[in-house]
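Undergrad: Mind looking over this structure? Questions follow.
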């Protein structure tokens, strides 16, 4: 095989999750470092860049050799400061049946111990074929979240004497315009959520199975009567939702997912994602983060509405319609009519480049002045960690697919709810008669499940457990 036929690959070392920090792992980590790692041989890097230009994946400036392009600039654009999400995700919702406050503490301690054990495991070399590569790590994270019903149930009962310690904005998720009629948030609400992420589906499955099939048995054996007939389940597992990552960053709609997602510097991530002492939350909530979970179904037949997928003219017209719904060019991800990613439609009333109800215009206005509450639009941002899902076919033979939308923030009301209620689903934003987000208006998206949770701070030491501050 000739050298020209060889594919040159540069493999950046994947960032690892960060444990034993003020924050729970799996929220803003693993994250690509801010600067390009210096572990790559310069000659190999030059060959790689030259090949990328030859294949049309990178543009060489006129008169500039590919080898002179600055890798650091490419790294800054695509990697630096972005969350390096794992490949697979499992969302496990759980109800707590502990019969006392003391037993709840034991349950949380045991959950915390399992999280530590599972996330610290090394990838095993057993059962691999001799020439198969041994992974350095499966980058496991298990993020724990508390639902409002853990503090006060739907009848108003203070179950474990924790009502006064409930995070300020934690509540049952309300209904929003665009929700499926079958989705009742109060029925989907759970006491706990575990977000399990890793780079191997079997790892996720093993962790979920361990919790679901062994937790109650082991807990009963350790803390209940020796009489097996008197054991009872302290946790009820409501179900698991699965998601997977895509290498090309795109999801089923085939547009780049997360172009404007938070990345920037770690300080800004901390400021917008984690509770700090000035937020007037219960003291134990500091360094914690709110989690908004929504399972969003995508109606692909409606999105891909075309008579003949082999007709180039029809397909180009379809792409143009889709671009107007999203507000971006499909290939470049640039906002319609713009040569740069920013600023994104600084004048929200200017419809000369794209419809005012285009998706990114409804969820990402970037006005030059503060809003009526005195906040800049950039202060409404939150960190999205979405994963596509596929649940097979429905009774009509239509694919059930979409996005497991997870978002982390320090203030649900000021960030997520403001974006949805005041911008996205407000028919009179930015001007009267604009309409709601085009994706929902056209029936392409509908929310079919979800919930609100609060993720407590990370573990301080080996004796600590998730939510320990609630009992201080």
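Undergrad: I'd like to check something: does region 443-461 contain any residue that is in contact (Cβ under 8 Å) with a residue 40 or more places away in the chain, buried (at least 21 other Cβ atoms within 10 Å of the Cβ) and over 24 Å from residue 195 (Cα atoms)?
TA: Within region 443-461 (the criterion being in contact (Cβ under 8 Å) with a residue 40 or more places away in the chain, buried (at least 21 other Cβ atoms within 10 Å of the Cβ) and over 24 Å from residue 195 (Cα atoms)), the answer is yes, since at least one residue qualifies.
Undergrad: Could you check, for region 249-258, whether at least one of its residues is in the same structural domain as residue 112 (by TED's automatic domain parsing), closer than 26 Å to residue 451 by Cα, in contact with a helix residue (DSSP H, G or I) (Cβ under 6 Å, 6 or more places away or on another chain) and not in a loop (DSSP other than H, G, I, E, B)?
TA: No, region 249-258 contains no residue that is in the same structural domain as residue 112 (by TED's automatic domain parsing), closer than 26 Å to residue 451 by Cα, in contact with a helix residue (DSSP H, G or I) (Cβ under 6 Å, 6 or more places away or on another chain) and not in a loop (DSSP other than H, G, I, E, B).
Undergrad: Checking residue 222 against (1) surrounded by fewer than 18 Cβ atoms within 10 Å (Cβ to Cβ); (2) within 25 Å of the chain's Cα centre (by Cα); (3) modelled with pLDDT of 80 or more, which single condition isn't satisfied?
TA: Failed condition: (2).
Undergrad: Based on this model, can you work out whether residue 109 counts as out of contact with any strand residue (DSSP E or B) (no Cβ under 6 Å at 6 or more places or on another chain) and modelled with pLDDT of 75 or more? Before you say what the answer is, go through the steps one by one.
TA: Numbers: out of contact with any strand residue (DSSP E or B) (no Cβ under 6 Å at 6 or more places or on another chain): yes; modelled with pLDDT of 75 or more: yes.
For residue 109, the condition - out of contact with any strand residue (DSSP E or B) (no Cβ under 6 Å at 6 or more places or on another chain) and modelled with pLDDT of 75 or more - is met.
Undergrad: Suppose we filter 469, 450 for residues that are outside the structural domain of residue 92 (by TED's automatic domain parsing), assigned to a helix (DSSP H, G or I), in contact with a helix residue (DSSP H, G or I) (Cβ under 9 Å, 6 or more places away or on another chain) and at pLDDT 95 or above; which single one remains? Outline the logic, then answer.
TA: Working: 450 fails: assigned to a helix (DSSP H, G or I).
Matching residue, one of 469, 450: 469.
Undergrad: Would you say residue 216 is farther than 20 Å from residue 402 by Cβ, part of a helix (DSSP H, G or I) and in contact with a strand residue (DSSP E or B) (Cβ under 7 Å, 6 or more places away or on another chain)?
TA: On the way: farther than 20 Å from residue 402 by Cβ: yes; part of a helix (DSSP H, G or I): yes; in contact with a strand residue (DSSP E or B) (Cβ under 7 Å, 6 or more places away or on another chain): yes.
Taking the combined requirement at face value, the residue satisfies it.
Undergrad: A further question on this structure: Any residue in region 419-438 that is crowded, with 19+ Cβ neighbours inside 10 Å, in contact with a strand residue (DSSP E or B) (Cβ under 9 Å, 6 or more places away or on another chain) and not in a helix (DSSP H, G or I)?
TA: yes
This table checks each residue for (1) crowded, with 16+ Cβ neighbours inside 10 Å; (2) over 17 Å from the mean Cα position of the chain (by Cα).
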{"residue": "184", "(1), (2)": "no, yes"}
{"residue": "187", "(1), (2)": "no, yes"}
{"residue": "192", "(1), (2)": "yes, yes"}
{"residue": "209", "(1), (2)": "no, yes"}
{"residue": "228", "(1), (2)": "no, yes"}
{"residue": "232", "(1), (2)": "no, yes"}
{"residue": "242", "(1), (2)": "yes, no"}
{"residue": "252", "(1), (2)": "yes, no"}
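Undergrad: Now for a separate question. Do you know which residues across region 361-382 are buried (at least 20 other Cβ atoms within 10 Å of the Cβ), in contact with a helix residue (DSSP H, G or I) (Cβ under 7 Å, 6 or more places away or on another chain) and outside any loop (DSSP other than H, G, I, E, B)?
TA: 362, 380
Undergrad: Return yes or no: is residue 398 loosely packed, with under 14 Cβ neighbours inside 10 Å and in contact with a helix residue (DSSP H, G or I) (Cβ under 8 Å, 6 or more places away or on another chain)? Spell out the reasoning first.
TA: Working: loosely packed, with under 14 Cβ neighbours inside 10 Å: yes; in contact with a helix residue (DSSP H, G or I) (Cβ under 8 Å, 6 or more places away or on another chain): yes.
Yes: the conditions hold for residue 398.
Undergrad: Select from region 260-295 the residues that are touching a strand residue (DSSP E or B) at 6+ places or on another chain (Cβ under 7 Å) and over 21 Å from residue 151 (Cβ atoms) and write down the one among them that is surrounded by the fewest Cβ atoms within 10 Å (Cβ to Cβ).
TA: 261
Undergrad: So if I check each of 277, 309, which one is out of contact with any helix residue (DSSP H, G or I) (no Cβ under 6 Å at 6 or more places or on another chain), on the phi < 0 side of the Ramachandran plot and in the same structural domain as residue 389 (by TED's automatic domain parsing)?
TA: On the way: 277 fails: in the same structural domain as residue 389 (by TED's automatic domain parsing).
Matching residue, one of 277, 309: 309.
Undergrad: Kindly indicate the residue of region 3-32 that is more than 17 Å from the chain's Cα centre (by Cα) and under 18 Å from residue 111 (Cβ atoms) and also modelled with the highest pLDDT among those meeting that condition.
TA: Looking at residues that are more than 17 Å from the chain's Cα centre (by Cα) and under 18 Å from residue 111 (Cβ atoms), I get 19.
Undergrad: Let me confirm something: among 116, 196, 144, which residue is under 20 Å from the mean Cα position of the chain (by Cα), outside the structural domain of residue 426 (by TED's automatic domain parsing) and either more than 25 Å from residue 413 (Cβ to Cβ) or assigned to a loop (DSSP other than H, G, I, E, B) (or both)?
TA: On the way: 116 fails: under 20 Å from the mean Cα position of the chain (by Cα); 144 fails: either more than 25 Å from residue 413 (Cβ to Cβ) or assigned to a loop (DSSP other than H, G, I, E, B) (or both).
Selected residue: 196, the only one of 116, 196, 144 that is under 20 Å from the mean Cα position of the chain (by Cα), outside the structural domain of residue 426 (by TED's automatic domain parsing) and either more than 25 Å from residue 413 (Cβ to Cβ) or assigned to a loop (DSSP other than H, G, I, E, B) (or both).
The values are calculated or read from the model by the stated rules, or taken from the named source; none is laboratory data. None of these values were measured; they are calculated from a predicted model. Note that each Cβ is placed from the backbone with ideal geometry, even for glycine, and that neighbours are counted across all protein chains shown.
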